[in-house]
Amino acid sequence: MNITIKSSRTVGGNIAAPPSKSMAHRAVLCAALAKGTSHLHPLAFSKDISATLGAAGRLCARVTTGENDAVVEGLGRFLPVDAPVDCCESGSTLRFLIPLASLTGQEVTFTGRGRLMERPQSVYKTLYQQQGLRFEQGADRLTVEGALTPGEYELAGNVSSQFISGLLFALPLLGGTSTLHLIPPVESRSYIDMTRAVQHAFGVESRWLDENTLEIPGGQHYLPGDYTVEGDYSQAAFPAVLGAVTGGVAITGLSEETLQGDAAILEILRRCGARFTRTGQGVVFEKAPLHGTDIDLADCPDLGPVLMVLGLLCEGTTVIRNAERLRIKESDRIEAMETELRACGGQLESEGGTITIHGCADALHAPEQPLSGHNDHRVVMSLAVLALAAGLALPISGAEAVAKSWPDFLEAIKPLGAEVEHVG
């Protein structure tokens, strides 16, 4: 899908945050592992969530979807897995399911698309090898076989929290108590606690023994129930950055009592000088002069691409640190954003996981060639924010990538003053 995005009028208006993708992944799996019927709502059927729903239906549940909800009937047993489980491009789906696959008593093969099978799985590979289990990762598939055992587990705390969450889903179902020893520093702690909170809603418990050690009692059972998915701060970050720059944007559906690490977007914007007010579950932005700041992405890596756009539109210099994980997402998000932003006159550079962005709003311009979405939803959405915030007409190829996390993003931003022209 090739599009051109520009503002059709003064930017401003209302937009609802879509349901949290991170929480929906977790709720789907907990419901699937429970014996009985659960109702999950609201849901946005992005490619990632559809992958998790499909995998749940292949492994241990019957899934029925509505317009914006799903009924998940956990069978209380694992089904025969006679074909590969397709995780599409969803890292969460794959990493959450690998430990659960070990409980099926079967050989389970996972497939994916894009860069999914290139993304590192060494944490699991090491754990499986330590327990004498089969773990084979190839160019287009990953196969596991053999049952994890309860006991002591040690892994680095600065790896993706998806590995830790994957173990949290599976270990309570084993016969004995397990302990996760996380070697500090522990990054993305909020995502770990999000997993634990959703598990608690489905009757499964774990507890921190200290800041680096989790105890997971065995012999537990997931319980079915109704679950309401709160609004997604990682997606709301896109209109939030837009609102901070232009003013006049109101975002609804954001709980103040949230465990989402990406809720940090509001504090980051505040430190940049943004003015906004909270009204219940809404946030309303006023126009204000913005300045650069120092940002730590260790607990909120998904905010990286749109914060790179923000840095261009602030006075002074913005430095983003601990962004190494952006290089192993759907694209190398640091390289992708540097390439596309420089094509628009952006001034920025990076070294490893540190990105330095120089405010240059007056120097930004439309590119000579269409920008690439790099098959990455967050790259496409960040470039859309740049178009609206900087008042540029930006041609973008590969815009269909937004379907991975926010399928109706291009429609959702139209009430904010976006004009989306489909090209070719």
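Any read-out appearing in this document is the output of simple, stated calculations on the displayed coordinates, not a laboratory observation. Remember, predicted model here, so these are calculated numbers, not experimental data. So basically every Cβ, Gly included, is an ideal-geometry build from the backbone, and we count neighbours across all protein chains shown.
The table below lists the values:
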read-out	value
Charge context of Thr143, other residues only, Cβ under 13 angstrom, K/R +1, D/E -1	-1
Karplus 3J(HN,Hα) series, Hz, for segment 258-272 with 6.51 cos²θ - 1.76 cosθ + 1.60 (x for Gly, Pro)	10, 9, 5, x, 6, 4, 4, 4, 5, 5, 4, 5, 4, 5, 7
With Cα atoms, 0 to 90° folded angle of helix 189-201 axis to the chain main axis	50 degrees
Label-point gap, in nm, between Glu335 and Trp208 - each point 7 angstrom along Cα→Cβ	3.6 nm
Selected from Leu180, Leu33, Leu242 as most flexible by GNM, with the chain as the system and alpha-carbon contacts under 10 Å	Leu180
Environment charge of Val379, counting only residues whose C-beta is closer than 12 Å and scoring Lys/Arg +1, Asp/Glu -1	-3
Size-normalised alpha-carbon gyration radius of the chain, reference 2.2 N^0.38 Å	0.97
For segment 315-424: rounded, prolate or oblate by the Cα gyration tensor [a/c cutoff 1.5]	oblate
Of Thr339, Thr318, Thr277, the one that fluctuates the most in a GNM where the chain has Cα springs shorter than 10 Å	Thr277
Rounded if a/c under 1.5, otherwise prolate or oblate - segment 94-228, Cα gyration tensor axes	rounded
Relative intensity, log₁₀ I(q)/I(0), of segment 1-127 from a Debye sum that treats every alpha carbon as a point, q = 0.16, 0.21, 0.22 Å⁻¹	-0.82, -1.23, -1.32
For segment 66-77, 3J(HN,Hα) per residue [Karplus equation, 6.51 cos²θ - 1.76 cosθ + 1.60, θ = phi - 60°, Hz, x = Gly/Pro]	x, 5, 9, 8, 8, 9, 10, 9, x, 7, x, 7
Cβ-Cβ FRET estimate between Asp82 and Arg278, R0 fixed at 60 Å, reported to 0.05	0.75
Degrees, to the nearest 10: 91-101 long Cα axis against longest axis of the chain	0 degrees
Hz values of 3J(HN,Hα) by residue in segment 280-285 - Karplus curve (6.51, -1.76, 1.60), Gly and Pro given as x	x, 9, x, 10, 10, 9
Shape call, segment 97-175: gyration tensor on alpha carbons, a/c limit 1.5	oblate
For Asp299, distant residues with modelled amide H under 5 Å away	Ser188
Tilt relative to the chain, helix 377-390 - C-alpha long axis, 0 to 90 degrees, to 10	20 degrees
